[in-house]
Amino acid sequence: MADEKTLSNLRADGEVIASYQHLSELPLVVAGAHGPYLTDDTGRDIIDITAGACTMNLGYGILKGEEYASFPFPYASGLKQVELAKRLARHYPCLKPEEVRVGFGVCGSEAIDGAIKLCRAFTGRKKIVTFEGDYHGTTLGSVALTTLPGRISDRFAPLLPEVYTLPFCDETASEEDIDECLLKLAYMDYETIAGFIIETVQGDMGMLPMHQRLMSTLYHIAKSWGIAFVVDEVQMAFYRTGPFFAIENYADVVPDAIVMGKSLGGGIPLSAIMGRKEFMDSLGPCEHAFSMAGNSEACARGLKFLDVIEGAGFRETLEARMMELYDGLQRLEKQHPRAVSHLTGIGFAFGLWIKSVKEGESDAQAAFKVMYRAFELGLYTMRLGSNWLRIEPSLNIDREVLAKALSILNTALADYEAGRISDEVLTWMLK
Ligand SMILES: Cc1ncc(COP(=O)(O)O)c(C=O)c1O
């Protein structure tokens, strides 16, 4: 069980940090970090197979800070913002950079709020449509679009009105499921819908790419009825699914805007909405501005992040790692058919679904035990959606570190199947 020093640090945390600040199920206190490793308060290095929930896509401490005085964006134009916006615009699927505008912000949730405002201002309509199981953030606007189980609370209702959710269909959905979803949409009166704001790949529900037919039908409905089409790529942008943006996995879909965040600022808070000029210009000066949005230091760090991921050979190496990860996870699935229920995901974003092997124990408890044992062995992952483990390594992870991570998961699963993980560890599990 946990080290005395760690327990004492966790007590100190509980005495001063608000409980809503983090969702922590492990006796982990982070004292530092380097490359793909978190270093805990006992000096132990732990591989972070979540890349800091994709906030640190190149691992920790790789992009060093520069001497850019951080000045707030809303009150002046800034060279670094313009440079970063230009570099991002080059990646817009099918549009020329001059057809694109970028608005910077501070976090993904706030950028989703901006997307809601843009959809409404652009169309003059109110309804926003999203999908069951989507995660879009925790501000009052973005949380209204978040139907991931357990994230919406009646205690802070009423939420934003005029938000509607459709049943999500991933790649495994049947034709009937998709027809049913589209029928629900048809009842909604297309002419009253301002925008679709959707996750291309549902991250927190297990890395589930939207079904190709659903995506392309939605897009064509949007085009035919003047509905804004916005994709939330806060988690999936920057080659995590293969192409620069996950939406590029869907042929001929050109969204009105793409929302980015997390590692965009190379480790400093930064988000962006990037979209068609006409769409983006539907908000006027300061209608979605924040004092620290797009500050020069974050944009400078964002440029360095792009320098690395656009660099020669980066994608090729990443693609090789993606194959290794997929092969490795498939092997785990085969080796542990009792404990691994299935594998979902794409590229460098996978969910490993765990099931219980013990009478009376829930799948959630089983997933927790595997996660806990992996942590004891030096691998950090998190349990989401109750019984699946998040596997989203940093994009530049070494082959050896990745192999080590997979080997730890293998041991943790074997220990779980053999009943070698004590029930005592469940005391750390959040309900
Ligand atoms: C898909 C998606 N959208 C939005 C957000 C919210 O971003 P932030 O936590 O920066 O507010 C997240 C965060 O996990 C996310 O994964």
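Applying the criteria of a DSSP loop state and at most 10 other Cβ atoms within 10 Å to the chymotrypsin sites (Phe, Trp or Tyr not before Pro) of region 119-188 yields Tyr187. Considering only Val102, Ala2, Pro36, the residue lying farthest towards the positive end of the dipole of the chain is Val102, judged by Cα position with unit charges set on Cβ.
Its Kirkwood hydrodynamic radius, worked out from the mean inverse distance over all distinct Cα pairs, puts region 1-150 at 19.5 Å. Counting only DSSP beta bridges with both residues in the chain, the antiparallel share comes to about 65 percent. Region 230-286 and region 16-47 have Cα centres spaced 29 Å apart. Electrostatic bookkeeping for Thr130 treats Lys and Arg as +1 and Asp and Glu as -1; over the other residues with beta carbon under 11 Å from its beta carbon, the sum is -3.
Near Ser24, no amide H atom lies under 5 Å from its own; only residues 5 or more places off or on other chains count, and H is placed 1.01 Å from N. Local charge for Gly265 was computed over the other residues whose Cβ lies under 12 Å away, with Lys and Arg +1 and Asp and Glu -1, and equals +3. Comparing Cα centroids, region 172-190 and region 336-383 end up 32 angstrom apart. All C-alpha pair distances within region 328-431, sorted into 10 Å bins from zero, spread as 16, 54, 27, 4, 0 percent across the bins. Taking other residues whose beta carbon is less than 12 angstrom from the beta carbon of Leu140, and scoring Lys, Arg as +1 and Asp, Glu as -1, yields -2.
Here the dipole of region 297-370 is about 260 debye; that uses its Cα centre as origin and unit charges on the Cβ of Lys and Arg (positive) and Asp and Glu (negative). Placing +1 on the Cβ of every Lys and Arg and -1 on the Cβ of every Asp and Glu, with nothing else charged, gives the chain a dipole about its Cα centre of roughly 540 debye. In terms of its alpha-carbon gyration tensor, region 286-375 comes out oblate; a/c meets the 1.5 threshold, while b/c is at least as large as a/b.
Phi angles of region 8-23 translate, via the Karplus equation with coefficients 6.51, -1.76, 1.60 and θ = phi - 60°, into HN-Hα couplings of 5, 5, 5, 5, 4, 4, x, 7, 9, 8, 5, 5, 6, 5, 9, 10 Hz per residue; Gly and Pro are given as x.
Global dimensions of region 155-285 from alpha-carbon coordinates: Rg and Dmax equal 15.4, 46 Å. Across region 79-309, the convex hull enclosing all Cα atoms gives 122 Å³ per residue. Mind checking which of Leu208, Ile17, Thr427 is farthest towards the positive end of the chain's charge dipole, using Cβ charges of +1 (Lys, Arg) and -1 (Asp, Glu) about the Cα centre? So the residue we want is Ile17. Both radii are taken from the alpha-carbon atoms of the chain; with Rh as the Kirkwood radius, Rg/Rh is 0.96.
Most simply put, region 79-309 has about 45% antiparallel DSSP beta bridges, counting only bridges with both residues inside it. Legend: distances between Cα atoms for Lys64/Lys262; Lys96/Lys117; Lys86/Lys117; Lys117/Lys184; Lys5/Lys64; Lys117/Lys262; pairs beyond 19 Å are Lys96/Lys117; Lys86/Lys117; Lys117/Lys184; Lys5/Lys64; Lys117/Lys262. Only Lys, Arg, Asp and Glu carry charge here, each on its Cβ (+1 for the first two, -1 for the last two); on that basis region 79-309 has a dipole of about 920 debye about its Cα centre. Placing unit charges on the Cβ atoms of the charged side chains and taking the dipole of the chain about its Cα centre, the candidate lying farthest along the positive direction among Gly137, Val230, Phe305 is Phe305.
Every number here is computed from the coordinates shown, using simple stated rules; none is lab data. Not measured: the values here are computed from a predicted model. Backbone-built Cβ (ideal geometry, glycine too); neighbour counts: all protein chains shown.
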